[in-house]
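Encoded as structure tokens, the structure appears first; notes follow it.
The values are calculated or read from the model by the stated rules, or taken from the named source; none is laboratory data. Computed from a prediction, not measured in an experiment: that's the story for all the values here. Here the Cβ positions follow ideal geometry from the backbone for every residue, glycine too, while neighbour counts run over all protein chains shown.
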Amino acid sequence: MVKAIVPGTFDPITNGHLDVVARASNMFDEVVIAVASSHKKRPLFSLEERIALANQAVSEMKGLKNVSVVGFDDLLISFAHQIGADVVVKGLRAITDFEYEFQMTAANYQMDPSLETMFIMSPPHYMYLSSSIVREIASFGGDVAGIVPPCVDAALKNKLS
Ligand code: COA
């Protein structure tokens, strides 16, 4: 039984995140999407809203039977330990992600060398995608239907109207 944790702020969850989750769900027995409170980022959506959207997005993807969603407000290594996760899975989009991800992975490794981190490369069509790009497009009334799940598209319209 290998349990993977996919952490992030998910403000909001995008099709890029869901691509990582779907691929992780094919590789691991159990996948937990861990939605960080990330107070310092002053998210557009509350933690409860981000958890609900992630849950809805996962249930819209009928094949993802081994995926669950939880919120956390702790060090990632502590939370991963608490839920019995064996591996952290993150998406890697472009070279620019590398240094930041390298730093976070090194810090996590320093604190807990038993927790492995694995990176899944984004497909080319999601390389540019981020939650802030989605928020930016949506805030000007642009169309984000192709880059976020339907529930997020509706939630953005509702939040920003
Ligand atoms: N597809 C689309 N977008 C992606 C993506 C993918 N595959 N992978 C990452 N992103 C984007 C996100 O949308 C987000 O975009 P934005 O900043 O433009 O909104 C950005 O990349 C990453 O942000 P976030 O989701 O906040 O992740 P993060 O890499 O900054 O890390 C945690 C978030 C929760 C994993 C990290 O802050 C953490 O571990 N917090 C707990 C506290 C802790 O342990 N700190 C010590 C760690 S060293």
(request) Please indicate, with yes or no, whether at least one residue in segment 91-103 is near the ligand (Cβ under 9 Å from one of its atoms), under 21 Å from residue 30 (Cα atoms) and not in a strand (DSSP E or B). (result) no
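Residue by residue, here is whether (1) touching a Cys at 6+ places or on another chain (Cβ under 8 Å); (2) surrounded by fewer than 19 Cβ atoms within 10 Å (Cβ to Cβ); (3) within 29 Å of residue 103 (Cα to Cα); (4) modelled with pLDDT of 95 or more holds:
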| residue | (1), (2), (3), (4) |
| --- | --- |
| 40 | no, yes, yes, yes |
| 52 | no, yes, no, yes |
| 56 | yes, yes, no, yes |
| 70 | no, yes, yes, yes |
| 75 | no, yes, yes, yes |
(request) Please specify each residue of segment 104-130 satisfying the condition of being over 12 Å from residue 94 (Cα atoms) and within 7 Å of the ligand (Cβ to nearest atom). (result) 104, 107, 108
(message) So, residue 111, is that one touching a residue at least 24 places away in the same chain (Cβ under 8 Å) and either surrounded by fewer than 14 Cβ atoms within 10 Å (Cβ to Cβ) or over 21 Å from residue 21 (Cα atoms) (or both) or not?
(response) yes
(message) Looking at segment 30-85 only, could you name the residues that are more than 9 Å from the ligand (Cβ to nearest atom), without any contact (Cβ under 8 Å) to a residue 12 or more places away in the chain and among the hydroxyl-bearing types (Ser, Thr, Tyr)?
(response) 46, 59
(message) Against the condition in contact with a helix residue (DSSP H, G or I) (Cβ under 6 Å, 6 or more places away or on another chain) and small (Gly, Ala, Ser), how does residue 139 come out, does it pass?
(response) yes
